[in-house]
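Student: Below you will find the structure I want to go over with you.
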Amino acid sequence: KLYVSYITVPLMININPTPDRRNGFNLSFGMSAGYLVDSRNKQISAERGKQKYNGDFYFEPWRLATIGEIGLGPIRLYGSYSINRLQKDVTRVEQYPYSVGIRFSSW
């Protein structure tokens, strides 16, 4: 099990062409910046038992991502894509995290 935690601050621009309507269309886009707070690993095996490790595991300390939302009324589709790699160049692993989801908002 690998756990990585970033504290993230988003900056978004919201476009709402129908501000008078409660169930109108809206669009948001922007960037988010995150800083690595904690990372740890837990391994369980028959011969060694449970072992826990703390460290940075060569993760990048900063994470930059583009973010966007498309909404109709209180339902919004959310997406995020990381601009920089998840791990440092030492590992030669090129992973760019992304996420998609649905968000419910009443305002």
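The values are calculated or read from the model by the stated rules, or taken from the named source; none is laboratory data. Just so it is clear, the model here is predicted, and its values are computed rather than measured. When we count neighbours, we look across all protein chains shown, and the Cβ atoms used for this are built from the backbone with ideal geometry, even at glycine. Accessible surface is based on the protein model in full, side chains and every heavy atom, while ligands, DNA and RNA are left aside. Shrake-Rupley method; radii C 1.70, N 1.55, O 1.52, S 1.80 Å.
Student: Here are the criteria: (1) open to solvent by less than 70 Å² (accessible area, probe 1.4 Å); (2) in contact (Cβ under 8 Å) with a residue 24 or more places away in the chain. Tell me which single one ARG40 does not satisfy.
Tutor: (1)
Student: Has segment 18-29 got any residue that is touching a Ser or Thr at 6+ places or on another chain (Cβ under 9 Å), surrounded by 12 or more Cβ atoms within 10 Å (Cβ to Cβ) and among the aromatic types (Phe, Trp, Tyr)?
Tutor: Initial filter on segment 18-29 (touching a Ser or Thr at 6+ places or on another chain (Cβ under 9 Å)): 24-26, 29.
From what is left, the residues that are surrounded by 12 or more Cβ atoms within 10 Å (Cβ to Cβ) are 24-26, 29.
Next cut, among the aromatic types (Phe, Trp, Tyr) only: 25, 29.
Checked against the condition, which is being touching a Ser or Thr at 6+ places or on another chain (Cβ under 9 Å), surrounded by 12 or more Cβ atoms within 10 Å (Cβ to Cβ) and among the aromatic types (Phe, Trp, Tyr), segment 18-29 yields at least one hit.
Student: So which residues in segment 89-103 are open to solvent by 50 Å² or more (accessible area, probe 1.4 Å), touching a residue at least 12 places away in the same chain (Cβ under 8 Å) and over 22 Å from VAL9 (Cβ atoms), if there are any at all?
Tutor: Scanning segment 89-103 gives VAL90, ILE102.
Student: Within segment 54-72, take every residue that is at pLDDT below 95 and aromatic (Phe, Trp, Tyr) and give me the one that is surrounded by the fewest Cβ atoms within 10 Å (Cβ to Cβ).
Tutor: The selected residue is TYR58.
Student: Right, SER106: outside any loop (DSSP other than H, G, I, E, B) and small (Gly, Ala, Ser) or not?
Tutor: Judged against the criteria, SER106 is not a match.
Student: Something else now. Mind listing whichever residues of segment 35-75 are in a loop (DSSP other than H, G, I, E, B) and closer than 26 Å to SER105 by Cβ? Outline the logic, then answer.
Tutor: First pass over segment 35-75, keeping only residues in a loop (DSSP other than H, G, I, E, B): 46-48, 55-58, 60-61, 73-74.
Selection gives GLY73, PRO74.
Student: For TYR78, are the conditions met, namely being assigned to a strand (DSSP E or B), among the aromatic types (Phe, Trp, Tyr), surrounded by 11 or more Cβ atoms within 10 Å (Cβ to Cβ) and in contact with an Asp or Glu (Cβ under 7 Å, 6 or more places away or on another chain)?
Tutor: Values: assigned to a strand (DSSP E or B): yes; among the aromatic types (Phe, Trp, Tyr): yes; surrounded by 11 or more Cβ atoms within 10 Å (Cβ to Cβ): yes; in contact with an Asp or Glu (Cβ under 7 Å, 6 or more places away or on another chain): yes.
Criteria met by TYR78.
Student: Further question: Considering (1) out of contact with any strand residue (DSSP E or B) (no Cβ under 7 Å at 6 or more places or on another chain); (2) open to solvent by 90 Å² or more (accessible area, probe 1.4 Å), say which one ARG85 fails and leave the rest.
Tutor: Of (1) out of contact with any strand residue (DSSP E or B) (no Cβ under 7 Å at 6 or more places or on another chain); (2) open to solvent by 90 Å² or more (accessible area, probe 1.4 Å), only one is false for ARG85: (2).
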